[in-house]
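The values are calculated or read from the model by the stated rules, or taken from the named source; none is laboratory data. This one's a predicted model, so the numbers in the text were calculated from it and none came from an experiment. Please note: Cβ atoms are built from the backbone with ideal geometry, for glycine as well, and neighbour counts cover all protein chains shown.
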Amino acid sequence: SDARLSDYERLSVLGHGNGGTVYKARHRRSAQPVALKLFADGDTSAAREAEILMLAADAPHVVRLHAVIPSSASAVAAGEAPTALALELMPGGSLSGLLRRLGRPMGEQPIAAVARQALLGLAALHALRVVHRDLKPSNLLVGAGGEVKIADFGAGKVLRRRLDPCASYVGTAAYMSPERFDPEAYSGDYDPYAADVWSLGVAILELYRGHFPLLPEGQRPDWAALMCAICFGEAPEPPAAASEEFRDFVARCLEKKAGRRASVAELLEHPFVAERDAAGAQHALAALVAEAEQRDQ
Ligand code: ATP
Ligand code: MG
């Protein structure tokens with residue numbers, strides 16, 4: 001790739017993360033809109049993210065990688081870490097942004113669209129032996145038509161061997177499953193894929209509640225409080241007002257014992273997503289994206 005940073009015109013800031021800043025940008029020659037993710041110098045997560053996105057180039061519900069932009073031509077030759085990634089622009093932004101812009105929790109119908117599409121993305125990634133390890137609303141992106149794609153593979157990993165514990169503290173502690181805090185207790189049959197299912201469950205419950213569901217609303221998620229809540233607390237659940245299907249779906253994701261947690265394949269068959277008009281659910285999500293856009297104006 002001979003892409004350069006100067007090939008892109010930066011238009012606005014889409015988001016800030018640990019890694020760096022993501023800009024809305026335009027490829028000058030083709031006028032193609034992109035999300036330009038800039039990394040700090042020497043950030044090794046850039047190379048990891050690029051590697052995984054290339055591996056998952058055909059995976060559904062995973063954000064597309066348009067170009068890898070090295071810091072300089074000599075850096076490419078030396079195989080150094082890239083400086084920026086040009087990603088498919090998702091006009092609805094992240095689900096955390098959508099929740100904030102709406103100013104209210106999301107209903108079951110649009111949440112089912114999120115769950116179904118995120119599960120399809122996870123199924124494809126897991127089939128490639130890729131674990132995401134940092135699923136959360138800010139890493140799930142939406143298109144104007146209610147499409148959902150998994151993004152931000154800065155904490156992702158390709159499992160080279162069959163049983164790789166891969167329980168290191170990467171990703172955001174808030175969405176980490178109990179077994180990731182205590183890998184020793186699970187070393188025999190640690191299932192790295194099950195951790196992504198837990199995170200998805202927390203994310204989905206957050207969309208329904210309108211705030212991070214493991215701590216009382218407004219409490220700062222410091223590491224000790226989180227570890228206590230995740231490892232020693234009861235798994236959080238949707239309120240009684242939620243449908244039986246939704247309550248069960250979340251309970252199957254937030255099974256504290258990893259071995260008893262539902263697999264991605266099982267969740268795709270769950271009535272909450274399987275017995276629902278998928279197109280209708282996606283429309284409901286698209287309507288929320290449109291509503292958020294109107295509020296911005
Ligand atoms: P963090 O460490 O906080 O998870 P990060 O530095 O790894 O973040 P990303 O999660 O990739 O960066 O992106 C940060 C934010 O930028 C996202 O939450 C989202 O709001 C926005 N963003 C990222 N990629 C895109 C995209 N392709 N289209 C639209 N918005 C995007
Ligand atoms: Mg992120």
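A few remarks follow.
- Contact annotation: residue pairs with Cβ atoms under 6 Å, 6 or more positions apart or on different chains, pairing a residue in segment 225-236 that is under 10 Å from residue 254 (Cβ atoms) with a partner that is assigned to a loop (DSSP other than H, G, I, E, B) and not aliphatic (A, V, I, L, M), are 235/256; 236/213.
- Tally, over segment 1-15, of residues that are within 16 Å of ligand 2 (Cβ to nearest atom) and either under 15 Å from residue 65 (Cβ atoms) or surrounded by 13 or more Cβ atoms within 10 Å (Cβ to Cβ) (or both): 2
- Where residue 18 falls short, out of the listed (1) part of a loop (DSSP other than H, G, I, E, B); (2) away from ligand 2 (no atom under 16 Å from the Cβ); (3) closer than 28 Å to residue 118 by Cα: (2)
- Qualifying position, being more than 16 Å from ligand 2 (Cβ to nearest atom), more than 24 Å from residue 136 (Cβ to Cβ) and touching a residue at least 40 places away in the same chain (Cβ under 8 Å), among 67, 59: 67
- Failed criterion for residue 106 (all others in (1) of a type outside the set (Gly, Ala, Ser); (2) under 29 Å from residue 293 (Cβ atoms); (3) buried (at least 18 other Cβ atoms within 10 Å of the Cβ); (4) within 16 Å of ligand 1 (Cβ to nearest atom) hold): (4)
- Top-ranked residue in segment 80-100 [being small (Gly, Ala, Ser) and within 20 Å of residue 53 (Cβ to Cβ); ranked as farthest from ligand 1 (Cβ to nearest atom)]: 81
- Matching residues in segment 123-144 - criterion: being within 14 Å of ligand 1 (Cβ to nearest atom) and part of a loop (DSSP other than H, G, I, E, B): 132, 133, 134, 135, 136, 143, 144
- Residue 116 farther than 14 Å from residue 206 by Cβ, in a helix (DSSP H, G or I), more than 14 Å from ligand 2 (Cβ to nearest atom) and at pLDDT 95 or above: yes
- Residue satisfying all of: in segment 70-103; more than 16 Å from ligand 2 (Cβ to nearest atom) and modelled with pLDDT of 95 or more; surrounded by the most Cβ atoms within 10 Å (Cβ to Cβ) among these: 86
- Where residue 56 falls short, out of the listed (1) more than 11 Å from ligand 1 (Cβ to nearest atom); (2) surrounded by fewer than 20 Cβ atoms within 10 Å (Cβ to Cβ): (2)
- Scanning segment 23-49 for residues that are in a strand (DSSP E or B), touching a residue at least 24 places away in the same chain (Cβ under 8 Å) and within 10 Å of ligand 1 (Cβ to nearest atom) gives 24, 33, 34, 35, 36, 37, 38, 39.
- Segment 133-144, residues that are more than 10 Å from ligand 2 (Cβ to nearest atom) and either touching a Cys at 6+ places or on another chain (Cβ under 9 Å) or at pLDDT below 95 (or both): 133
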